[in-house]
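Peer 1: Okay, here's the structure, questions in a sec.
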Amino acid sequence: MRRNTKTLIAGAGAAGVLGLGLFVAVPAVADPSPAPSTSASPEKGDRNQWKRQPHRWAARGGRGVHGEATVRRDGGFRVVTWQRGEVTGRSGAVVTVRSADGASWQWTTNDKTRFRRDGEKSQLSEVKNGDQVIVVGERTGATRTAVAFRVPKD
């Protein structure tokens with residue numbers, strides 16, 4: 001009996017260490033692109049957190065450059081997309097962003113798009129070529145519409 005107890009304790013300890021390692025390591029190296037379909041649930045009582053602040057899941061991990069996922073929302077399905085990269089052009093309400101891997105996407109902005117620069121409210125006119133940005137939005141067909149456009153602090 002004593003031997004089984006030691007084995008059980010050793011196994012539980014090893015599982016705990018492995019679980020803790022995965023808990024710490026996976027978010028640090030995970031590509032945020034699958035985040036909408038596999039992201040952790042918002043805190044209980046705050047079910048609309050990701051709707052109000054979609055840039056939070058895009059910024060998680062810090063290593064992904066772009067991605068999209070199909071999510072269930074408002075009784076249907078939507079393609080949520082995000083990109084981290086450098087602004088390479090702007091024409092009217094359309095901003096072109098190029099990621100580190102060379103993917104270049106055009107983002108349409110509108111009066112509902114939220115702009116932030118260095119943590120403060122901003123606007124489209126303050127977005128400049130060369131800015132490093134994180135953009136989150138939805139894709140319908142080939143059109144990506146930005147919901148949140150963020151220029152983080154350096």
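The values are calculated or read from the model by the stated rules, or taken from the named source; none is laboratory data. Every value quoted in this text rests on a predicted model; they were computed, and no experiment measured them. With ideal geometry, Cβ positions are generated from the backbone for all residues, glycine too; neighbour counts draw on all protein chains shown.
Peer 1: Are any residues in segment 134-154 surrounded by fewer than 21 Cβ atoms within 10 Å (Cβ to Cβ) and either assigned to a loop (DSSP other than H, G, I, E, B) or aromatic (Phe, Trp, Tyr) (or both), and if so, which ones?
Peer 2: Residues satisfying the conditions are Gly141, Ala142, Pro152, Lys153, Asp154.
This table checks each residue for (1) surrounded by 14 or more Cβ atoms within 10 Å (Cβ to Cβ); (2) at pLDDT below 95; (3) among the basic types (Lys, Arg).
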| residue | (1), (2), (3) |
| --- | --- |
| Val79 | yes, yes, no |
| Gly89 | no, no, no |
| Gly92 | no, yes, no |
| Thr109 | yes, no, no |
| Arg116 | yes, yes, yes |
| Lys128 | no, yes, yes |
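Peer 1: Is there a residue in segment 111-127 that is of a type in the set (Asp, Glu) and on the phi > 0 side of the Ramachandran plot? Write out each step before concluding.
Peer 2: Residues of segment 111-127 of a type in the set (Asp, Glu): 111, 118, 120, 126.
Checking the rest, the ones that are also on the phi > 0 side of the Ramachandran plot come to 118.
Yes.
Peer 1: Which residue pairs have Cβ atoms closer than 7 Å, lie 6 or more positions apart in sequence or on different chains, and pair a first residue in segment 87-116 that is closer than 21 Å to Gly141 by Cα with a second residue that is in a loop (DSSP other than H, G, I, E, B) and of a type in the set (Gly, Ala, Ser)?
Peer 2: The qualifying pairs are Thr108/Ala93; Thr109/Ala93; Asn110/Ala93.
Peer 1: Okay, next question. Select from segment 102-147 the residues that are under 15 Å from Val79 (Cα atoms) and in contact with a helix residue (DSSP H, G or I) (Cβ under 7 Å, 6 or more places away or on another chain) and list them in ascending order.
Peer 2: Result: Val136, single match.
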